[in-house]
Amino acid sequence: MNSSVAAAHRIWQDHTMRFAAALDRDDPAGDAAAVPGDRNPAAAVLHAKVPGAKTPGTPGPARDPAAGAAVLAFCGTELRLLADGALWWPEAATLVVADLHFEKASSLARRGSLLPPYDTAVTLDRLDRLVAALRPARVISLGDAFHDPFALERIAGEARQRIAALQAGRDWVWVAGNHDRALRGAIGGTVVEELAIGPLLFRHEPAAEAEPGEIAGHLHPAARVLLRPKSVRRRCFATDGRRLILPAFGALTGGLNLLDRAYRGLFDPAGLVAHLVGDGRVYSFPRRHLTPD
Ligand SMILES: [Fe+2]
């Protein structure tokens with residue numbers, strides 16, 4: 001690749017990272033002071049800039065991915081909800097990510113919506129950083145790893161090599177999502193419908209009647225918190241202590257408001273907590289602080 005083409009690639013990749021970050025944060029954090037009168041202490045810091053937080057697309061010092069995480073006691077385990085939107089289970093040295101949606105931009109391009117085709121690289125960058133820092137013995141992709149059944153035909157050789165490098169030396173499990181049927185035997189790792197480990201059950205789509213301990217993806221949860229006079233919307237983990245749904249990890253994936261009817265019946269409203277991710281921190285809000293879009 002000559003230098004001008006490489007420079008163009010860098011510019012478009014930077015554009016993709018900023019676009020992905022904007023999807024995570026549709027209200028500019030950092031430009032509002034702590035809001036007087038907010039009863040939830042998390043509200044006071046949600047708008048504050050986090051020291052050392054890195055602007056997407058700019059180089060910066062490596063950040064400890066476990067710093068700023070929320071610790072969740074969940075069905076006899078202690079989990080870390082990471083600010084990157086991944087789940088870390090230290091006791092089992094297991095990293096869990098949901099809804100990577102590799103090749104979403106190229107899928108949209110086939111239907112005429114042109115976006116810079118760097119979402120796969122940006123998602124792999126995020127994953128690389130976590131794997132390098134945490135050195136998991138096991139990685140679980142919680143479904144919808146690829147955006148559509150033909151994504152494997154479009155994904156670049158370089159991205160395939162990066163996935164193979166991530167898989168090397170550890171267990172890699174693809175929990176099959178709506179779009180993952182074609183994975184079997186095609187890209188390394190193990191493909192399963194569900195995975196039970198100790199008290200936890202990992203599956204793609206939350207079940208209507210699930211036993212405690214279910215960890216799922218699929219719904220891409222996000223939450224909006226009203227911080228007068230503004231509101232903040234972020235991807236989030238959602239849990240009532242019996243079930244945990246992870247935010248979508250992939251770039252360009254967006255999120256569905258936790259108050260949407262799609263979540264009806266999945267959580268005990270009295271115990272529901274949204275753990276919002278962004279800017280190197282996780283901010284936890286009970287349901288009463290959430291508002292529709
Ligand atoms: Fe998905």
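None of the figures in this text is laboratory data; all of them are computed from the coordinates on show. Nothing here was measured: the structure is a model prediction, and the numbers come from that model. Glycine gets a Cβ as well: all are built from the backbone with ideal geometry, and neighbour counts include every protein chain shown.
Here are the numbers for this structure:
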| read-out | value |
| --- | --- |
| Top-ranked residue of the stretch 136-179 - restricted to ones that are among the small types (Gly, Ala, Ser) and in contact with a Ser or Thr (Cβ under 8 Å, 6 or more places away or on another chain), ranked as nearest to Arg111 (Cα to Cα) | Ala151 |
| Enumeration of residues in the stretch 158-179 that are surrounded by 16 or more Cβ atoms within 10 Å (Cβ to Cβ) and assigned to a loop (DSSP other than H, G, I, E, B) | Arg170, Ala176, Gly177, His179 |
| Pairs where the first residue, in the stretch 232-249, is within 11 Å of Leu81 (Cα to Cα) and within 16 Å of the ligand (Cβ to nearest atom) and the second is assigned to a strand (DSSP E or B) and of a type in the set (Lys, Arg), C-beta under 9 Å, 6+ apart | Pro247/Arg234; Pro247/Arg235 |
| Number of positions in the stretch 91-149 that are of a type in the set (A, V, I, L, M), in a strand (DSSP E or B) and under 13 Å from the mean Cα position of the chain (by Cα) | 5 |
| Positions within the stretch 201-227 being within 19 Å of the chain's Cα centre (by Cα), more than 16 Å from the ligand (Cβ to nearest atom) and either surrounded by 21 or more Cβ atoms within 10 Å (Cβ to Cβ) or among the aliphatic types (A, V, I, L, M) (or both), in sequence order | Leu201, Ala223, Arg224, Val225 |
